[in-house]
Amino acid sequence: MGINTGVVSAIERAPRLTDNHGRAINYLRLAVTDRCNLRCFYCMPGEGINWLQRSELMSYEEMLRISRVLVGMGIDKIRITGGEPFVRRDLMDFLTALSATPGLQKIAVTTNGVLTAPYLPELKKLGINTFNLSLDTLDRNRFFSMTRRDELPAVLNTLDALLSHDMDIRINAVVMENKNIQDILNLVELARDLPVGVRFIEEMPFNGSDHQYKGLSWDHVRILSFIREAYPGIKKIPDPQFSTSMNYMIPGFKGNIGIIAAYTRSFCGTCNRVRITPQGMLKTCLYDDGVLNVRDLMRAENTDDQLAGALLDAINRRANNGWEAESKRLKPVAEHESMATIGG
Ligand code: SAM
Ligand code: SF4
């Protein structure tokens, strides 16, 4: 089995979901857990965060239901994220069921790669072949200092396994002053011989309040000029529709380079995505603090039509961009959550 294959007729029939600003919404990022086996400095404190109780987490049945409802409304791509998706028990059973959702065209996965490699043959059979692998450094000591775990070998093993299974791979690195600037060019070098997209992400303030966000010192302009200094031939290439990254090629390289202006937010105008957090909170923008709790609606025995109505209403009240979403937050900006509870 694989992702539902009634592809052409499903696309033709798929309704078009748009927000109040006329933007198409066809992409859900679904966080299946807030738990993680790493403690990345930019995402959570060393001691972890206040993990959600099991009863607070959406069950797989609830996730399948809300996915089915949203796919019926026009979502055709779902990215599984977290926390670290592979620490949640029975993830493969969930993915098997999710991949049979009628009308769903694509499932992608974002992972830190520590536990991922053994699941790749089964994932491939399900038609899941698009992966974002988080990797901020190729140096084992710096990996340890950034993630507080000595797991670089496991992550590199997953990278090898992804390549040998011919998966579509993007490597995501958050760029941070005093942490991994010396790794930027080594990561760029990965794209010389490997067919991967290496993407550099501006650090965002969602660090679980371990340390105060000091403001952005490496924005997309600075990241690009740093890379351009070493590779003067780097050239802009067209960005795929709805891309959050600005994309570049370096002559002779097999892979390409992307830069994601996650903090300066230059991509909001074409944003096609919504998020559901592990506790079932719909976020119509990464920077809002949640606009609808779908878990509670499901537990209050609302019908699918009622769920769809509430989702539509929320999508029709969507902020125009990340700055507006942030300004409307009920919780002050200083009380930042962790990306693991948002679903990065
Ligand atoms: N655990 C998985 C992983 O690390 O790939 C999935 C969840 S993680 C929250 C998703 C993405 O969010 C990762 O690529 C991570 O680098 C990114 N991320 C986490 N905290 C961030 C921050 N403060 N600023 C920018 N990106 C962040
Ligand atoms: Fe875990 Fe991913 Fe957050 Fe790192 S970025 S702590 S791997 S959830």
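In table form, for the structure just shown:
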{"item": "Of all residues making up the stretch 22-36, the number that are open to solvent by 40 Å² or more (accessible area, probe 1.4 Å) and either modelled with pLDDT under 95 or among the hydroxyl-bearing types (Ser, Thr, Tyr) (or both)", "result": "1"}
{"item": "Wholly enclosed strands (runs of 3 or more DSSP E) of the stretch 213-277 bearing at least 3 residues among the aliphatic types (A, V, I, L, M)", "result": "256-260"}
{"item": "Filter result for the condition that a residue is hydroxyl-bearing (Ser, Thr, Tyr) and in contact with a helix residue (DSSP H, G or I) (Cβ under 8 Å, 6 or more places away or on another chain), over Ser67, Ser55, Ser59, Ser99", "result": "Ser67"}
{"item": "Of all residues in the stretch 137-151 being in a loop (DSSP other than H, G, I, E, B) and within 16 Å of ligand 2 (Cβ to nearest atom), the one that is least open to solvent (accessible area, probe 1.4 Å)", "result": "Thr137"}
{"item": "Some residue of the stretch 54-62 being within 16 Å of ligand 1 (Cβ to nearest atom) and free of Cβ contacts under 8 Å to residues at least 24 places away in the same chain", "result": "no"}
{"item": "Selected residue (only one of Ile315, Ile250, Ile342 is at pLDDT 90 or above and under 21 Å from the mean Cα position of the chain (by Cα))", "result": "Ile315"}
{"item": "Flag if Gly344 is in contact (Cβ under 8 Å) with a residue 60 or more places away in the chain, within 15 Å of ligand 1 (Cβ to nearest atom), among the small types (Gly, Ala, Ser) and open to solvent by 10 Å² or more (accessible area, probe 1.4 Å)", "result": "yes"}
{"item": "Residue in the stretch 222-241 that is open to solvent by less than 10 Å² (accessible area, probe 1.4 Å) and under 27 Å from Gly127 (Cβ atoms) present", "result": "no"}
{"item": "Positions within the stretch 278-329 being touching an Asp or Glu at 6+ places or on another chain (Cβ under 8 Å), aromatic (Phe, Trp, Tyr) and open to solvent by 70 Å² or more (accessible area, probe 1.4 Å), in sequence order", "result": "none"}
{"item": "Scope the stretch 187-204; condition in contact with a Gly (Cβ under 6 Å, 6 or more places away or on another chain) and either open to solvent by 20 Å² or more (accessible area, probe 1.4 Å) or farther than 29 Å from Ile128 by Cβ (or both); matching residues", "result": "Leu194, Pro195, Arg199"}
{"item": "Criterion violated by Met1 - all others in (1) surrounded by fewer than 20 Cβ atoms within 10 Å (Cβ to Cβ); (2) modelled with pLDDT under 95; (3) closer than 24 Å to Leu286 by Cα satisfied", "result": "(3)"}
{"item": "Condition met for Gln279 (within 16 Å of ligand 2 (Cβ to nearest atom) and touching a helix residue (DSSP H, G or I) at 6+ places or on another chain (Cβ under 9 Å))", "result": "yes"}
{"item": "Any hit, the stretch 87-108, residues being closer than 21 Å to His165 by Cα and within 12 Å of ligand 2 (Cβ to nearest atom)", "result": "no"}
{"item": "Which listed residue, of Ile259, Ile250, is on the phi < 0 side of the Ramachandran plot, more than 16 Å from ligand 1 (Cβ to nearest atom) and open to solvent by less than 20 Å² (accessible area, probe 1.4 Å)", "result": "Ile250"}
{"item": "Answer residue from the stretch 205-221, given it is polar (S, T, N, Q) and within 16 Å of ligand 2 (Cβ to nearest atom) and is least open to solvent (accessible area, probe 1.4 Å) among those", "result": "Asn207"}
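Residues are listed down the side, and each one gets a yes or a no for (1) part of a helix (DSSP H, G or I); (2) in contact with a His (Cβ under 9 Å, 6 or more places away or on another chain); (3) surrounded by fewer than 20 Cβ atoms within 10 Å (Cβ to Cβ):
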{"site": "Pro153", "(1), (2), (3)": "yes, no, yes"}
{"site": "Thr158", "(1), (2), (3)": "yes, no, no"}
{"site": "Leu162", "(1), (2), (3)": "yes, no, no"}
{"site": "Glu177", "(1), (2), (3)": "no, no, yes"}
{"site": "Leu185", "(1), (2), (3)": "yes, no, yes"}
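The values are calculated or read from the model by the stated rules, or taken from the named source; none is laboratory data. A quick note: this is a predicted structure, and the numbers were derived from the prediction, not measured. Because the Cβ atoms are built from the backbone with ideal geometry, glycine has one as well, and the counts that use them run over all protein chains shown. Note: accessible area is taken over every heavy atom of the protein model, side chains too, but ligands, DNA and RNA are not part of it. Shrake-Rupley method; radii C 1.70, N 1.55, O 1.52, S 1.80 Å.
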